[in-house]
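Participant: Handing you this structure, nothing more for now.
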Amino acid sequence: MATVATNADADAAAAAATPGALESTVNPKCANVNNNNSARSSRVGSASGADQDTDTDAALLVDQRFGWCSFQPQWLQRFCTAKWALFWLCWGGALQGLIVNGLINVSISTIERRFGLRSRQMGLVASGYDLASFACLVPVTYYGGRKGASKPRFIAIGLIVMGLGSLIFLLPNFLVGPYRATIAEANVCEMGSSSSSNPNANPNLNQTMQYSCEVNAGNGEREEYDSLTWTVWLFFGAQLLHGAGAAPLFTLGVTYIDENVSKKMSSVYLGIYYTMATVGPAIGYVLGGQLLLIYTDWMTVDPVQLSLTSDSKVWIGAWWLGFIFAAGMCLLIAIPIFGYPKSLPGADKLQLEKVSEAHATKTVAEIGSEGSEGSDGSCGLSGGRRRLGQLPHAVLSLLKNPTFFFLNLAGATEGLVIAGFAAFLPKQIENQFSISPMLSALVMGLITVPAGGGGTFLGGYLVKKWNLACSGIIKMCLMATTVAAFFTFCFLVSCPNPRFAGVTTSYNLEARSGPPELVSNCNANCGCSRTNYDPICGTNGVMYYSPCFAGCGQEEHVESLKRYHNCSCIESVGWVDDGVALHPDATNLKCDSTCQSLPYFVGLCFVLMIFTFLATMPALSATLRCVQDEQRSFALGLQWIKVRLLGTIPAPLIFGALIDESCILWHESCDEQGGGACLVYDNFYISRYMWLLALICKLGSVVFFLCAWWFYVPPSKPAVNANGKEDI
């Protein structure tokens, strides 16, 4: 890397002798089709008109200086190298992963509980990123890829937009008022407050809930029970800005790196760039998980006074703090990227070397025919129009390539499963194994970051190590995906449903199924409201909706813990006190899970992730090799569109809808149309839904890779490189 930077500085003087202005005399089409003519014209111009181009060369050197506007001091030019440009771009890529794949995914379950949202609504929010990224693909690549356009400027503006999206994403936390984890008064049973003693009297339950809403409205606290579903559109708009801002990073950023380093070092620089992009989610998981240990209103509320800890079911962590940090970092990283020129010193010479290598396999006759085409007037506007009119033909020719077509479908199914689990796997782990959001984020980071980064690196290494041709690469993808499809059974590793009175178990500790029945003989006269969700854990290891539904008559605050006594529903099942004075019947903590399946799930899911990402880089390589050289850029763009439309955009919506289907207890609010967050999931169904989704997508990928290999027809005469080896 240091060698490349040194060569780039040394080539700055040689770049002065290269008349960059002469290149602009070549038509866009001619420059695109006949790059050898550009190189040949540059060499002729440098031999015949060096004196005339002195001013142009001086202007070119000025344009290749690092700085902002007229502030371009000499001491700043030490940063005007490919190595330093890569450094700042790596931080930009890491920030994208930190925000989109780290902080947001870790906070999904917390945001749902805080604002009473459902998984399908958060699925819409998650899909906003890919939707905006898809919409911005054409304008960003077109305007940013034009000759004379400043790619660093587009990237810096994108980072600012992404930072603005992070600021908007945290706004709902300040627009909805403080969070009320528990009601101000003791939520205990008040005997005789109900007008009915029938344990299954739903009208009584509705009456008490309506009464609770009216009482709070009379106290000026109605806003606490207003629907907060409008926040979905604010989150969605922020995600649109995230997607739009990140669009230049992995399109123009990759091109900028490739244009300013040698062909030999391009893969190394891009490998470092994509590696940092995978480090971003790791930082996001760790940072976001730790911030969830801080109470969301820590500036104004002391959770100890509310007797709340991070182990409480109603605890809401400071999910929004990470987005302040991310927004600030986006603005800071954008500043140095703004200072980079359109091209680095020495880039012109590197481009000429790349052009001569790219056309080394063409015959002299082909080059001559291209030269004659570039010399006549057909390379003007009419040629540009003909090329635009040939766009449908170019699309059709790629779609007629069966290998390319099936590789695109395989990429769509892989994108669907990866995008879906990236958004909702932390939530599934949290609910399936009854762990805290912080621990779920840590587990997610342990699974995805080493497996994703290691699998991606290993896939590219094996292709190079085994010197695979296109057919062999597709076979490798087929085998890796087949193994991954087998390991989807890891989602069948689940835990039994937690014991929740009136939901998964009856009040006499017998297993039950069917709609929830929270009212029983022991709490029928308590007048409990389902709007006051304040779960407690009884000494019998059963969760109760609230102290009122547990029939508790007395509440006691002990430091950061609430203890409840005289709980009729716990006593009614035969609980015997051990004789200790003031021994509590329940506390405001989660009941400890006795399930020990989490280590097995982590191990199996780790293997699944390795083989999933093992096929990503080989599949990209196969896509590039199965099309003509002049079609590669267009083929990648077309594949990118298909993967977004068929995979990553609908994935969060599908996963969110199925997760909602597995909910067995919803939080009821005073706003009937507002819905509410899910409180209890059926672990059996959520694991089966996730397994079926993963299995169907993986089997689809297996079929598509098999078809891509089956229909692939290798060239009859393989190209031979300068070393006399087959160019694969």
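Laboratory data are not the source of any read-out in this text; all were calculated from the coordinates shown. Since this is a predicted model, take the numbers as computed values, not measurements. Cβ: placed from backbone, ideal geometry, glycine included. Neighbour counts: every protein chain shown.
Participant: Mind ordering 148-158, 88-98 by average Cβ neighbours within 10 Å, highest first?
Facilitator: 88-98, 148-158
Participant: Here's a follow-up. How would you order 706-713, 534-541 from highest to lowest mean count of nearby Cβ atoms within 10 Å?
Facilitator: Descending mean neighbour count gives 534-541, 706-713.
Participant: Convert each backbone phi in region 529-538 into a coupling constant with the Karplus relation 6.51 cos²θ - 1.76 cosθ + 1.60 (shift: θ = phi - 60°), then list the ³J(HN,Hα) values in order as whole Hz, x for Gly and Pro.
Facilitator: 10, 7, 6, 9, 7, 9, x, 10, 10, x
Participant: Hey, another quick one. For L293 and R180, what does the FRET efficiency come to when R0 = 25 Å and r is the distance between their Cβ atoms, rounded to the nearest 0.05?
Facilitator: 0.80
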